[in-house]
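Contents: one structure, followed by commentary.
Every read-out reported here was derived from the displayed coordinates using simple, explicitly stated rules and does not represent laboratory data. Please read these numbers as outputs of a predicted model, since none were measured by experiment. Cβ sites come from the backbone with ideal geometry, for glycine too, and all protein chains shown count toward neighbours.
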Amino acid sequence: MSQASRVTNYKEPALTRSLVTPEGVDLRIQLADTGARFGAFFIDMAIIGAVIFLVFIVYGIIFAASGQSDSEIGAVLFTMLWFFLRSFYFTAFEIGRYAATPGKLLLKIRVTSRDGGRLTAPAVFSRNAMRELEFFLPLQFLLFGGLTESSGWLYLAGTIWFCVFLFFPLFNRDNLRAGDIVGGTWVLRAPKPILAKDLSDKVLPDNVEFDFTPEQLKAYGIHELHVLEDVIRNNDLATIVAVADRIRAKIGWEKGAKEKSRDFLSAYYSGLRKMLETQMVFGKRRKDKFDV
Amino acid sequence: MSEAGLKSSRFRKEREKSWRQLERIIKKMESGNSRSISDQEMIALPGLYRSALSSLSVARATSLDQSVVQYLESLSTRAYFILYGTRTSLAKRIGGFFVRDWPNAAQDLWKETVASFLVIAVFTVISYVLVMTNIDWFYSLMPGAMGEMRNPAASTEYLRGTLFDGSSDDSLSSFSAFLMSHNSKVAIMAFALGFAFCIPTAFFMAMTGCMLGSFVALFADRGLGVEAAGWLFIHGTTEIGAIILAGAAGFHIGLSLAFPKDKPRLESASAAGRKGAVLMAGVVVMLIIAGLLEGFARQLVKSTQLRYTIGGGMLFLWCIYLYLPRDRFKFRSKP
């Protein structure tokens, strides 16, 4: 996994929002995608389920050891535990330091205030109070209510209700769920990328000369440079050889006897980056190879 | 061969140390051991943050190393949230909530509170009158589970027993745990449903009123009206008060969505949501107190007179606490 987390992936423009600091720099924050949101919720519900299950195992052991039959304590325990977990699990964690539940932490997303200010306790409370309406109520209805009422129409209405809120985040620009609207919050990606080595620092062997002509360096733009960076960082031999062959063919480079594909790519990367960065200083950003 | 000429990598080498330093400090703050941060680091923090921001601007303009740009973006964002998301301690937050936030929210929403109270009151009276004129109304006004054995078919003796015997048949503690979680759920629902332009919230309030009215009417029909009201009153002033406030919070959200005034609808809704949420946190506190009153005080205190006194006293305290104007105190505490 550590290998995968090193791979730098591109920003999705559709999920990028601007957050300008008082110093005037746009931080270009990234919204969490809906997949991560659903995933985090799923993990959190699994944790809640596991906690209830564990408490009942312990309760069962004590119960069996004492040999008394007291279903009342069990009922009280279950009612209170379920109530507290579903009402305060999310709120407690999101008010806390990480502004994220364990599920969100695992998927590297966090809750923030939509106006860029600080995330207040009331905002967290109201975003999670809505969960009751969005998820727990219809769930309860679908599991229990529908059976006793035995009315098809009611059941259908419940299902529609459930679906409206469930798919709410998919149908607005910022992936907000109803709770986010009321709480004035949104959920952002909060990755902590490590600062990887500078690829242009790589020392190449002396026995091979890499001298690229300006024409050869002009074959690609910034997009290709970034792809190349990912390829080199991923360090997968088959890909490196394939990519190196493609580039050689494109720029008409004769492969030397002692030349290694990895060194070739590093050298080409450095050369290409140097040229593109120089162009940037002069105000030219060459997006990709089609950008002339 | 190593391209020493690359300006962007020279830039990185010069600044990297200060980025790393900022990252170390932020890591400490994020993991909560702010105490291990030295004074020098604390003083350096704002400078390091600004230099990271300026590095980010430079890197975006001159460097094509994705790793650097993304690292700086994430670092600056983390630092931004730490520096501008000023964190007060939990104790201070809780203190501020009880001293200031909760009463202020209650006072700001007084119109909605009045509306919420009126809905409950009107439906209580209506259902009371209906049940008194024809006892069969009880069955349609009281949802099945809540009435249990207390219905018009029960004997007067049995009804009297339910008011004063404490727990005879139904297991009391599980019942009160159920009530507590049920009431909180009702309150949270009343709040959350305000989202649908107030209508479901009003419906909830009306239902609560119907239950109250028909419950008292059932007992009043047997000449136990005063006693039944006392049975409700001891915890009811707190509990119904909480539900009224929850309804007010719901109305507030609904109104802000329906009539956003000069703000965009989304912004107006989230502002209302925040204010409502403060009130709701108070509602949860009230419901816990009501649960205690219901679970203990009602079982221990059998005298109707004393029940009225305690219930009335709670009502008085809540009104004083929530609605006494505080502006004068603010002036005094701010010399």
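Rounded to the nearest 20, the size of the Cβ-charge dipole of the protein assembly as shown about its Cα centre is 2440 debye, with Lys and Arg at +1 and Asp and Glu at -1.
Quick check on chain B: helices-only [θ] at 222 nm, where DSSP H runs of length 4 and up contribute -39,500 (n - 2.57) each and the sum goes over total residues. Nearest 500, please.
Values: 15 runs with 255 residues, N = 335.
Result for chain B: -25500 deg cm²/dmol, rounded to the nearest 500.
Mean separation of Cα pairs under 8 Å and 6 or more residues apart, divided by the residue count, gives chain B a relative contact order of 20 percent.
In order along region A:171-186, phi translates into HN-Hα couplings of 10, 9, 4, 9, 6, 7, 9, 4, x, 5, 5, 5, x, x, 10, 8 Hz, rounded to whole numbers, per the Karplus curve 6.51 cos²θ - 1.76 cosθ + 1.60 with θ = phi - 60° and x for Gly and Pro. Ellipsoid semi-axes for region A:2-189, based on the Cα gyration tensor and the rule √(5λ), read 36, 22, 16 Å when sorted largest first.
Please work out whether region A:199-281 counts as rounded, prolate or oblate from its C-alpha gyration tensor, where a ≥ b ≥ c are the square roots of the eigenvalues and a/c under 1.5 means rounded, while otherwise a/b larger than b/c means prolate and anything else oblate? Verdict is rounded for region A:199-281. Here the label points at A:K260 and B:H182, each 7 Å from Cα along the C-beta direction, are separated by 7.5 nm in the simple model. Counted residue by residue at 0.36 nm each, then reduced by the alpha carbon distance between them, the extension gain from A:W161 to A:Y98 reaches 19.5 nm. In this Cβ point-charge picture (+1 for Lys and Arg, -1 for Asp and Glu), chain B has a dipole of about 2000 debye about its Cα centre.
In a simple Cβ point-charge model (Lys, Arg +1; Asp, Glu -1; nothing else charged), region A:209-252 has a dipole of about 140 debye relative to its Cα centre.
With R₀ fixed at 51 Å, the C-beta to C-beta distance from A:L142 to A:K218 puts the FRET efficiency at about 0.25. Taking other residues whose beta carbon is less than 12 angstrom from the beta carbon of B:A105, and scoring Lys, Arg as +1 and Asp, Glu as -1, yields 0. Projected onto the charge dipole of the protein assembly as shown (+1 at Lys/Arg Cβ, -1 at Asp/Glu Cβ, origin at the Cα centre), which of A:V182, A:A257, A:S113 gives the Cα projection farthest towards the positive end? Ranked along the dipole, the leading option is A:A257. Nearest 10 degrees, 0 to 90: what angle lies between the long axis of helix B:7-30 and the longest principal axis of chain B (Cα atoms)? Approximately 30 degrees, to the nearest ten. Taking chain B as a Gaussian network, Cα atoms linked when under 10 Å apart, which of B:S55, B:S270, B:S184 shows the biggest mean-square fluctuation? Highest fluctuation among the options: B:S55. Between A:N234 and A:K284, the FRET efficiency from the beta-carbon distance, with R0 = 30 Å, is close to 0.55. Separation of the alpha carbons by more than 18 angstrom is noted, of A:K197/A:K258; A:K192/B:K28; A:K197/B:K28, for A:K197/A:K258; A:K197/B:K28. Between the residues A:Q140, A:V241, A:N172, the greatest Cα displacement towards the positive end of the dipole of chain A, with unit charges on the Cβ of Lys, Arg, Asp and Glu, is found for A:V241. Using only Cα atoms, find the angle between the long axis of helix B:199-220 and the longest principal axis of chain B, and express it within 0 to 90 degrees, rounded to the nearest 10. That helix lies at roughly 30 degrees to the long axis. Each principal axis of the Cα atoms in region B:7-84 has its own extent, and those three values, largest first, are 38, 20, 17 angstrom. Seen against the Cα atoms of chain A and their longest principal axis, helix A:34-66 is set at about 40 degrees.
Three semi-axes describe the equivalent ellipsoid of chain B; taken as square roots of 5 times the Cα gyration tensor eigenvalues and ordered largest first, they are 58, 21, 19 Å. Rounded to the nearest whole angstrom, the semi-axes of the ellipsoid equivalent to the protein assembly as shown, taken from the Cα gyration tensor as √(5λ), stand at 63, 26, 22, largest first. Taking label points 7 Å from Cα along the Cα-to-Cβ direction, B:K261 and B:I289 give a separation of 2.9 nm. Counting lysine pairs in region B:92-333 that sit 8 or more residues apart in sequence, or on different chains, and whose Cα atoms lie under 26 Å apart gives 11.
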